[in-house]
Structures are given as C-alpha cells and as structure tokens.
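The values are calculated or read from the model by the stated rules, or taken from the named source; none is laboratory data. Source: prediction; values computed, not measured. Every residue, glycine as well, gets a Cβ built from its backbone with ideal geometry; the counts of neighbours run over all protein chains shown. Note: accessible area is taken over every heavy atom of the protein model, side chains too, but ligands, DNA and RNA are not part of it. Shrake-Rupley method; radii C 1.70, N 1.55, O 1.52, S 1.80 Å.
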Amino acid sequence: MKKKQKEKKSLTSFSILFLIIIALTVASWLLAGQPFAPSLPAGQEEMVSQVVGAKFSDFFMAPFNGFRDAIEICVFILCLGGFLNIVTRTGALEAGIQHLVKKLKGNELILIPILMILFSIGGSTYGMAEETIPFYSLLAITMVASGFDTIVAAGTVMLGAGAGVIGSTVNPFATGVAMDALRSIDIAPNNGTILVVGAMLWLVTTAYCIFVVMSYAKKVKADKGSTILSLQEQKEMEEHFVKDTNEALVFTQKHRLILTIFGLSFVIMVVSLIPWGDFDIHVFDGWTAFLTGNSFGEWYFGDLAMWFFYISIIIALIQGFSEKEIVTNFIDGVKDILSVVLIIVVARGASYIMQTTYLDLFILDRASHLLEGLSPVLFVIGAYILYLLLSFLIPSTSGLAYVSIPIMGALAQSIGLNPNVMVMIFTAGCGLVNLITPTSGVVMGGLELARVNYSTWTRFMRKPLLVIGVSNLLILIFSMLFL
C-alpha cells in the first residue's frame, strides 16, 4: 500500500518542467537588476548588462514560445509517430523482432554493445540526440522480448548516444560551433588537440556505458526481480511492450520488404543529417536535393518529417491498406506520440525564460570571475562544474557554445591555459548533464516512450554519473596539463 501511495504522489514530466519554469521566473525576479559584463558574441547588436525580471506574460507564454522555437522537431516527431504506427500495424515489426530473438537463441546481450557503439558513433560525429527518439519504443519492444526490461532499452539509446556526445570529435553542433566561437575572438582552434581529447573521452565513456547497461541487463535476464522498475512501470511495460510469444508469427517476404524499407529510411535520415560539406565531401551535392530542395548534409527536421510521412504511405500501400486505414493508422500514431511533443514544448519554455531574462549570461559572468587565478587543476574542475550547471539551464549544445565559449576560451588563454581543452570541457559537461536533465526534450521524451519514470532513471544513473564525471575530469586535467 505504501509503495502504491508513493507512486501516486510521484511527479510527471510535465509537472517537473513547469516547476522549473516557475523557479526560473522567480529567480529572475529576485536577481532583476543584477549587473554583469556584456560579454556577448561578436555581431550581437543589443548589448545587455543586467538581469531582466521575467514579466508574467513571459511565464504565461513560455510553453507557446517553446513550441514556436521547436516547431520543426515537433512536426518531425508527430510524423514519426504516424510512420511507426503504420509499420507496427503491418505486423512486420513484431514478426521481425520475434524472428531476430529466435535467431539469437540466448545471445541477446550482443545487441547491446553493437547498438550502443552505433549510437555512440552518431553522437560523436554529428551530435545524434533528437534523432534517437523513435528508437526508444522500438528497442523497448525488442529488449523486453529478449528478456530484459525498458531500462535496458532506454540505457542502450541514451547512454550510447550520450557517450558519443561527451566524446565529440567532429560533432558540428558541439565542437564545430565551439571552434567557430573561438575564431570569433581571434583564437585559432587546434583540430588535432580537440580530436585527441575527444577520442579519449569517447573511448573511455563508451566502454564504461556499455559495461553499465550490460551488467544490469545480465541481472534482469537472470532474475526478473532485480529490475529497478516500480510495480506500476512493470505493469505498463507488460501492457505496451510484452507480446504473446506463444503465437508463432510467420516472417513473410512482404515483412522483409517492409522492414528493409523501414531500415533504409533511418539510414537515409543519418546520412542526410551529417554535414558532409564541413568534411569537404560533396558527393551528395545537387542530385539529392530533388526530394526537399536540400541536399543530403543540409537536411533538418522539416525535411525528415516529410521523408517519414511519404515513406509511411509507401509502406502502407505495400501492405495493402485502404485509404481510410492509412489515415486512421497514421493519426493514431500521431496521438500516441503527442505527449512527447508536449514535453519538448514545455522543456523549450524553460530555455526561453533563461534567454529572455539573461539569467544564463549572469551565471556565466559571475562564475567566470570565480575561476580567475585558480591552478590548472582547480580551473578545469571549476569550469566543468560550471558547464554542468549551464547545461542544465541551456540544453542546446550549439546555443551554449555560442554564449559561453567566447568568454571561457578567452579566460583560459588569458591565464596561460589551452583554450582547445576548454572546448572539450564544454562538450563533456554538456554531454553528462544531458543524460539526466529534465529540461531536455530528448531525456523526458525518450523516457516517456520507454514508459520509464524520470525518478527511476535518475536512480539508475546515480553511480554512472559519478564514474563518468570523475573519469572525464581526469582526462581533461591530464589534457590541460600536458597537451
């Protein structure tokens, strides 16, 4: 009875995010008028120098403004929901998963390192984050069918891609933007140093994250009672992801064709998002623009939304759905994933309050002054802690780089330290916090799809966060001292 009462009192993702918006609004009132150095990036016309208290209208309209800022990703996720439901209704996904589990015959654990390495490469090379959202529900079905639970599914995706972002090497949305920010203050970034430090962070973090997920998966596989899911979460897991394994499904040629198209659609998604031009690769220029008007490498969420919309129609026609079935199944899928969109909207609302009131710049300015005069070791630790805080308030890596690197990079160089390592302190701090921050639509949306409570996820992540943080700091301190 006590456990059930606790579960009833646990806050939803929406309530947590609204409380954060309220807290940020109140903080802006308390700090209104507090001065800070107007250290904005070059080209910013309006120079502000004090915190502005949020108007009530800012608070009232924060979710709407969050939706306006996130409109492309919201449409993308809605179209993904329709696409996934149509594929599910064909029966191909369930039959394919059952076929895969039978072929593995007790070797299901091998799925975890393979998938996590793939997600990690995506995170390191192009900042794979929002693109992972559809995989939470897909892997939940697969992992539960393999004898694991939904924490294993969420961990495979979030820790896989997250480890890659922590060890960003050529990620244009993290290291790329940060290097441009250094150039804006006339500091020439050293690609070699950034790649070496990024590779060390990537290797150590990815290896440890794979160990964490596999260790937990082994325990759950051996004893279902070792799951950390609450009774309510276990019930939801059974309702949404447990399939009748006694009913043998025939894996037909039509199923194979549908799953082939299904898999290729995600391959195209990945290929279209990698900024090939930044790597001086132009093989996709021009001829791939016939679909959306943008070549591969220039696609964004609007292009992807329409890509999955039309692929869903193609798959529905192959299956033989009628016009009414196509529309009904697509809309049902949109309804199923609508909660994820609303979570992203409210999360962006929190970021909107931060930017409108200049709380982000105020915190950055005060913290940068505290770091002056510290030894290299203490400077790295202090800067890392600063980015943990800033990343909680500003989940966008590119946005945070734009705001902070001109200040922190210049500070590092002025006291004789390596500004290139500061770039990696930024990416490591960002990446760690974005594994658990409730202001991230990816975290809250992914957990919503996997039917995992935020409180359960933070409990699972207590030890991994500490180990990842300490290992990152050791690598960053070594890099600052010797590179």
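Can you find a residue that is part of a loop (DSSP other than H, G, I, E, B) and open to solvent by 10 Å² or more (accessible area, probe 1.4 Å) anywhere in region 376-390? Even if it seems obvious, please write down each step before you answer.
Narrowing region 376-390 to residues part of a loop (DSSP other than H, G, I, E, B): none.
Scanning region 376-390, I find no residue that is part of a loop (DSSP other than H, G, I, E, B) and open to solvent by 10 Å² or more (accessible area, probe 1.4 Å), so the answer is no.
Out of the residues in region 325-352 that are under 15 Å from residue 83 (Cα atoms) and of a type outside the set (A, V, I, L, M), state the one that is most open to solvent (accessible area, probe 1.4 Å).
335
This table checks each residue for (1) out of contact with any Pro (no Cβ under 6 Å at 6 or more places or on another chain); (2) in a helix (DSSP H, G or I); (3) among the β-branched types (Val, Ile, Thr); (4) in contact (Cβ under 8 Å) with a residue 40 or more places away in the chain.
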| position | (1), (2), (3), (4) |
| --- | --- |
| 250 | yes, no, yes, yes |
| 261 | yes, yes, yes, yes |
| 278 | no, yes, no, yes |
| 305 | yes, yes, no, yes |
| 316 | yes, yes, no, yes |
| 334 | yes, yes, yes, yes |
| 339 | yes, yes, no, yes |
| 342 | yes, yes, no, yes |
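Say we look at region 102-138 and pick out the residues that are crowded, with 23+ Cβ neighbours inside 10 Å and modelled with pLDDT of 90 or more; which of these is nearest to residue 77 (Cα to Cα)?
Applying the filter and picking the extreme gives 136.
What do you reckon, is residue 3 under 29 Å from residue 140 (Cβ atoms), modelled with pLDDT under 90, of a type outside the set (A, V, I, L, M, F, W, C) and touching a Ser or Thr at 6+ places or on another chain (Cβ under 8 Å)?
Details: under 29 Å from residue 140 (Cβ atoms): yes; modelled with pLDDT under 90: yes; of a type outside the set (A, V, I, L, M, F, W, C): yes; touching a Ser or Thr at 6+ places or on another chain (Cβ under 8 Å): yes.
Judged against the criteria, residue 3 is a match.
Can you tell me which residue within region 391-404, out of those that are among the small types (Gly, Ala, Ser) and outside any loop (DSSP other than H, G, I, E, B), is most open to solvent (accessible area, probe 1.4 Å)?
Only one residue fits best here, namely 398.
Just to check your reading of the model, which residue among 199, 178, 217 is crowded, with 16+ Cβ neighbours inside 10 Å and either within 30 Å of residue 459 (Cα to Cα) or among the basic types (Lys, Arg) (or both)?
None of the other options fit; the residue is 217.
Name the residue that is farthest from the chain's Cα centre (by Cα), counting only residues in region 469-483 that are more than 23 Å from residue 214 (Cβ to Cβ) and open to solvent by less than 10 Å² (accessible area, probe 1.4 Å).
Per the stated criteria, the residue is 479.
Checking the structure you have, find out if any residue of region 358-374 is at pLDDT below 90 and under 22 Å from the mean Cα position of the chain (by Cα).
Looking for residues that are at pLDDT below 90 and under 22 Å from the mean Cα position of the chain (by Cα), one finds at least one in region 358-374, hence yes.
Is there a residue in region 405-427 that is under 30 Å from residue 138 (Cα atoms) and either open to solvent by less than 10 Å² (accessible area, probe 1.4 Å) or part of a helix (DSSP H, G or I) (or both)?
For region 405-427, residues under 30 Å from residue 138 (Cα atoms) and either open to solvent by less than 10 Å² (accessible area, probe 1.4 Å) or part of a helix (DSSP H, G or I) (or both): present.
Filter region 450-468 down to residues that are open to solvent by less than 10 Å² (accessible area, probe 1.4 Å) and hydroxyl-bearing (Ser, Thr, Tyr), then give me how many there are.
1
Would you pick out the residues in region 228-259 that are at pLDDT 90 or above, closer than 20 Å to residue 316 by Cα and exposed (fewer than 12 other Cβ atoms within 10 Å of the Cβ)?
Result: 253, single match.
Which one of the conditions (1) in a helix (DSSP H, G or I); (2) open to solvent by 20 Å² or more (accessible area, probe 1.4 Å) does residue 364 fail to meet, given that it meets all the rest?
(2)
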